[in-house]
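The structure appears right after this line, and notes come after that.
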Amino acid sequence: MQSLNRTNYKQYNIYPEKILQFGEGNFLRGFVDWQVQVLNQKTNFNGSVVVVQPRGFEKIDKLNRQDGLFSLYLQGIKDGGPVNEHMVIDSISRGINLFTNYQDYMKLAASTDLRFIISNTTEAGITFDPDDKFEDRPQRSFPGKLTAFLYQRFQAFDGDIKRGCIIIPCELIENNGVKLKEIVLRYADFWNLGSEFTAWLEQANTFCSSLVDRIVPGFPTDSADEKMAEIGYQDDLMVVGEQYHLWVIEGPEFLMEELPIHGTGLNTLIVNNLTPFRTRKVKILNGAHTAMTPVGYLAGLDTVEESVNDPEVGLFIKNLIAEEIIPTLEGDLGELTVYAGEVWNRFANPYIKHYLMSISLNSISKFTTRNLPALLEYVAVKQTLPKRMVFSLSSLIYFYRGKRAEEDIQLQDHCEILQYFAMIWKQYEDNLIDIKELTERVLSEQKLWDINLASIPGLVDVVSANLLNIIRLGFRKALKELSGTSIRQ
């Protein structure tokens with residue numbers, strides 16, 4: 001079978017490179033790059049995407065071997081009925097390996113075609129690293145890489161305010177555009193790049209906060225051969241996603257002209273305030289995903305669909321949303337319940353194999369961002385611990401032990417976090433600490449949670465009791481033990 005590339009696949013287009021994209025992963029390709037393709041097909045946008053990696057480089061090399069082409073399967077409910085469709089995406093022009101071709105990255109900064117910068121580096125990506133150096137090639141952090149790029153652009157155009165960029169981060173943190181801008185300005189000052197550059201950052205560039213919503217499980221491991229036979233090409237970058245999508249961008253009105261979304265059928269909104277959209281989506285959809293991941297996986301399940309259809313795990317997640325997440329949200333209860341039902345149907349999409357391990361990347365920062373606010377607000381309002389959210393937290397701590405029965409879990413997180421959990425669980429296994437001391441230490445570690453969770457009344461006791469049940473009874477029995485009266489402080 002021929003490989004999917006521009007030599008073998010002739011039906012591709014070439015567009016000016018208007019977008020720099022930090023992130024080569026499944027989500028951006030199945031969400032942003034697909035939307036760019038729709039804009040190219042239905043409007044005069046006429047732009048392509050240059051991709052750089054925030055970390056690693058394997059997927060960049062694969063992307064270049066396929067000349068930026070990949071096939072996308074969209075499967076789910078569309079216009080009231082099930083739809084399974086596929087297409088080849090040609091909106092990516094190339095990938096740049098920052099470790100081997102940093103000079104190409106700097107050269108792109110001088111492009112007159114470039115207008116947009118888009119990113120998705122997970123919640124842990126938008127951070128300031130004091131060890132980052134301007135002279136690094138590349139810089140360690142995503143904001144560091146971005147600052148160096150923008151400084152090169154500032155110099156290439158002699159500070160021309162017409163040559164700034166529209167920067168749209170897609171990371172799932174509140175006010176992601178505002179926070180990214182703050183860190184870029186901090187690097188500009190930290191690296192002594194000058195007041196003129198700082199003024200150019202402020203005047204020439206537009207940082208937009210945004211909210212993204214589409215379930216993109218990624219490469220269809222269990223059906224890849226069948227799908228490749230259907231498209232007729234070997235495609236190592238095939239992506240599967242659901243039909244539903246939503247992109248809410250908080251930005252100025254002129255963005256409507258630069259992103260001509262009207263009449264395209266894209267569910268992309270440019271608004272003055274995205275907070276109501278974000279709060280509902282992050283707490284219900286992303287919060288349920290994050291809470292579900294350790295629970296479903298430790299219960300022996302591998303996908304979201306399996307989890308929601310499992311009698312015990314499914315009921316756990318459904319009650320978590322209805323009884324512990326929705327009560328922390330403002331807004332009409334009926335509308336929130338309808339939205340939760342839509343989310344549940346998306347979770348149960350039979351076309352999608354969304355693997356829990358793919359969701360588990362950087363689970364600690366995800367739980368901190370998506371689930372802790374609901375836990376803390378529930379405690380403040382109800383004066384009681386939300387037992388399912390607390391059980392999910394307990395399961396997450398056990399998940400980072402790195403074992404599902406006798407099977408090793410391939411944990412994916414920052415090395416400092418993995419080293420910490422390996423150390424603390426080793427101390428428990430060597431009988432140097434008991435489970436309650438382990439719990440207290442973990443919950444007290446503000447580097448994990450941003451706050452001292454051990455200070456929440458009753459939390460150490462409940463989490464340690466949950467962990468003890470998981471260890472002594474096994475995960476399934478511990479989950480069954482959970483059903484009962486609510487836990488009082």
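Restricting attention to region 216-230, does a residue exist that is buried (at least 21 other Cβ atoms within 10 Å of the Cβ), in contact (Cβ under 8 Å) with a residue 24 or more places away in the chain and of a type outside the set (V, I, T)? Step through it out loud before you land on a result.
If we filter region 216-230 for residues that are buried (at least 21 other Cβ atoms within 10 Å of the Cβ), which is where we start, we get 216-217.
Next cut, in contact (Cβ under 8 Å) with a residue 24 or more places away in the chain only: 216-217.
Okay, now just the ones that are also of a type outside the set (V, I, T), so 217.
Yes, there is a match, as at least one residue in region 216-230 is buried (at least 21 other Cβ atoms within 10 Å of the Cβ), in contact (Cβ under 8 Å) with a residue 24 or more places away in the chain and of a type outside the set (V, I, T).
Just to be sure before I move on: is E257 farther than 18 Å from F367 by Cα, in the same structural domain as G30 (by TED's automatic domain parsing) and not in a loop (DSSP other than H, G, I, E, B) in the structure I sent? Give the steps one after another, and end with the answer.
Working: farther than 18 Å from F367 by Cα: yes; in the same structural domain as G30 (by TED's automatic domain parsing): yes; not in a loop (DSSP other than H, G, I, E, B): yes.
It is true that E257 is farther than 18 Å from F367 by Cα, in the same structural domain as G30 (by TED's automatic domain parsing) and not in a loop (DSSP other than H, G, I, E, B).
Residue by residue, here is whether (1) assigned by TED's automatic domain parsing to the domain that holds V49; (2) surrounded by 15 or more Cβ atoms within 10 Å (Cβ to Cβ); (3) under 27 Å from L259 (Cβ atoms); (4) not hydroxyl-bearing (S, T, Y) holds:
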{"position": "T122", "(1), (2), (3), (4)": "yes, yes, yes, no"}
{"position": "R137", "(1), (2), (3), (4)": "yes, no, no, yes"}
{"position": "T147", "(1), (2), (3), (4)": "yes, yes, yes, no"}
{"position": "W191", "(1), (2), (3), (4)": "yes, yes, no, yes"}
Quiz prompt | Odd one out for D213 among (1) without any contact (Cβ under 8 Å) to a residue 60 or more places away in the chain; (2) acidic (D, E); (3) within 25 Å of K181 (Cβ to Cβ) | solution = (1)
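May I ask you to say which residue of S111, S71, S93 is of a type in the set (G, A, S), at pLDDT 95 or above, in contact with a Ser or Thr (Cβ under 8 Å, 6 or more places away or on another chain) and not assigned by TED's automatic domain parsing to the domain that holds S358? Outline the logic, then answer.
Numbers: S111 fails: in contact with a Ser or Thr (Cβ under 8 Å, 6 or more places away or on another chain); S71 fails: in contact with a Ser or Thr (Cβ under 8 Å, 6 or more places away or on another chain).
Step by step, each of S111, S71, S93 is checked, and only S93 is of a type in the set (G, A, S), at pLDDT 95 or above, in contact with a Ser or Thr (Cβ under 8 Å, 6 or more places away or on another chain) and not assigned by TED's automatic domain parsing to the domain that holds S358.
Looking at region 1-22 only, could you name the residues that are part of a loop (DSSP other than H, G, I, E, B) and either without any contact (Cβ under 8 Å) to a residue 60 or more places away in the chain or in contact with a strand residue (DSSP E or B) (Cβ under 6 Å, 6 or more places away or on another chain) (or both)? Walk me through it before giving the result.
Step one: of region 1-22, the residues part of a loop (DSSP other than H, G, I, E, B) are 1-2, 4-16.
M1, K10, Y15 - these are the residues of region 1-22 that are part of a loop (DSSP other than H, G, I, E, B) and either without any contact (Cβ under 8 Å) to a residue 60 or more places away in the chain or in contact with a strand residue (DSSP E or B) (Cβ under 6 Å, 6 or more places away or on another chain) (or both).
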Quiz item: Do we have L72 as closer than 29 Å to S360 by Cβ, touching a helix residue (DSSP H, G or I) at 6+ places or on another chain (Cβ under 7 Å), of a type outside the set (D, E) and assigned to a helix (DSSP H, G or I) here?
Solution: no
Quiz prompt | Scope region 375-433; condition in a helix (DSSP H, G or I), within 22 Å of the chain's Cα centre (by Cα) and more than 19 Å from A299 (Cα to Cα); matching residues | solution = L375, C415, E416, I417, L418
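So, F219, is that one aromatic (F, W, Y) and more than 18 Å from the chain's Cα centre (by Cα) or not? If you could, list the steps in order and put the result at the bottom.
Numbers: aromatic (F, W, Y): yes; more than 18 Å from the chain's Cα centre (by Cα): no.
Judged against the criteria, F219 is not a match.
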Quiz item: Here are some conditions: (1) within 20 Å of L320 (Cβ to Cβ); (2) of a type outside the set (S, T, N, Q); (3) surrounded by 13 or more Cβ atoms within 10 Å (Cβ to Cβ). R404 meets all but one. Which one does it not meet?
Solution: (1)
Exercise. Evaluate region 38-49: report whether one residue or more is within 20 Å of the chain's Cα centre (by Cα) and under 21 Å from D236 (Cβ atoms).
Key: yes
Quiz item: List pairs: first in region 152-165 and closer than 14 Å to A199 by Cβ and part of a helix (DSSP H, G or I), second at pLDDT 95 or above and among the acidic types (D, E), Cβ under 9 Å, 6+ apart or cross-chain?
Solution: F154/D160; F154/E196
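Any chance you could count how many residues in region 75-98 are hydrophobic (A, V, I, L, M, F, W, C) and not in a strand (DSSP E or B)? Please lay out each step first, then the result.
As a first pass, look at region 75-98 and keep what is hydrophobic (A, V, I, L, M, F, W, C): 77, 83, 87-89, 92, 96, 98.
Within this subset, residues satisfying the condition of being not in a strand (DSSP E or B) are 98.
Count: 1.
Return yes or no: is F57 modelled with pLDDT under 95 and among the aromatic types (F, W, Y)? First the steps, then the outcome.
Numbers: modelled with pLDDT under 95: yes; among the aromatic types (F, W, Y): yes.
Against the criterion (modelled with pLDDT under 95 and among the aromatic types (F, W, Y)), F57 qualifies.
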Quiz item: What is the one condition in (1) touching a strand residue (DSSP E or B) at 6+ places or on another chain (Cβ under 7 Å); (2) of a type in the set (A, V, I, L, M); (3) in contact (Cβ under 8 Å) with a residue 60 or more places away in the chain; (4) surrounded by 17 or more Cβ atoms within 10 Å (Cβ to Cβ) that I60 does not satisfy?
Solution: (3)
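Which residues, taken from region 195-215, are of a type in the set (D, E, K, R), surrounded by fewer than 18 Cβ atoms within 10 Å (Cβ to Cβ) and either modelled with pLDDT under 95 or closer than 24 Å to E174 by Cα (or both)? Full working, then the answer.
Restricting attention to region 195-215, the residues satisfying the condition of being of a type in the set (D, E, K, R) are 196, 202, 213-214.
Adding the requirement that they be surrounded by fewer than 18 Cβ atoms within 10 Å (Cβ to Cβ) leaves 196, 202.
Once the filter is applied, which keeps residues that are of a type in the set (D, E, K, R), surrounded by fewer than 18 Cβ atoms within 10 Å (Cβ to Cβ) and either modelled with pLDDT under 95 or closer than 24 Å to E174 by Cα (or both), region 195-215 yields only E202.
Would you check if V178 is under 19 Å from the mean Cα position of the chain (by Cα), in the same structural domain as D90 (by TED's automatic domain parsing) and modelled with pLDDT of 95 or more?
Details: under 19 Å from the mean Cα position of the chain (by Cα): yes; in the same structural domain as D90 (by TED's automatic domain parsing): yes; modelled with pLDDT of 95 or more: yes.
Spelling it out, V178 is indeed under 19 Å from the mean Cα position of the chain (by Cα), in the same structural domain as D90 (by TED's automatic domain parsing) and modelled with pLDDT of 95 or more.
Can you say whether S93 is under 30 Å from K10 (Cα atoms), crowded, with 16+ Cβ neighbours inside 10 Å and polar (S, T, N, Q), as far as the supplied structure shows?
Working: under 30 Å from K10 (Cα atoms): yes; crowded, with 16+ Cβ neighbours inside 10 Å: yes; polar (S, T, N, Q): yes.
Answer is yes for this residue.
A quick yes/no check of all residues on (1) touching a Pro at 6+ places or on another chain (Cβ under 8 Å); (2) more than 30 Å from L372 (Cβ to Cβ):
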{"site": "N44", "(1), (2)": "yes, yes"}
{"site": "R55", "(1), (2)": "no, no"}
{"site": "S71", "(1), (2)": "no, yes"}
{"site": "G80", "(1), (2)": "no, yes"}
{"site": "L98", "(1), (2)": "yes, yes"}
{"site": "Q103", "(1), (2)": "no, yes"}
{"site": "M106", "(1), (2)": "no, yes"}
{"site": "I117", "(1), (2)": "no, no"}
Quiz item: With respect to the numbered conditions (1) out of contact with any Lys or Arg (no Cβ under 6 Å at 6 or more places or on another chain); (2) part of a loop (DSSP other than H, G, I, E, B), which one is the sole condition not fulfilled by V240?
Solution: (2)
Quiz item: Out of (1) free of Cβ contacts under 8 Å to residues at least 24 places away in the same chain; (2) crowded, with 20+ Cβ neighbours inside 10 Å; (3) within 21 Å of Y297 (Cβ to Cβ), the odd one out for V442 is which?
Solution: (1)
Quiz item: Limited to region 192-236, what total is found for residues that are at positive phi and not in a strand (DSSP E or B)?
Solution: 3
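Does L237 satisfy the condition of being of a type in the set (A, V, I, L, M) and surrounded by 21 or more Cβ atoms within 10 Å (Cβ to Cβ)? Before the answer, list the steps.
Numbers: of a type in the set (A, V, I, L, M): yes; surrounded by 21 or more Cβ atoms within 10 Å (Cβ to Cβ): yes.
Against the criterion (of a type in the set (A, V, I, L, M) and surrounded by 21 or more Cβ atoms within 10 Å (Cβ to Cβ)), L237 qualifies.
The values are calculated or read from the model by the stated rules, or taken from the named source; none is laboratory data. Predicted model only: the values in this text are computed from it and were never measured. Virtual Cβ from ideal backbone geometry, glycine too; neighbours counted across all protein chains shown.
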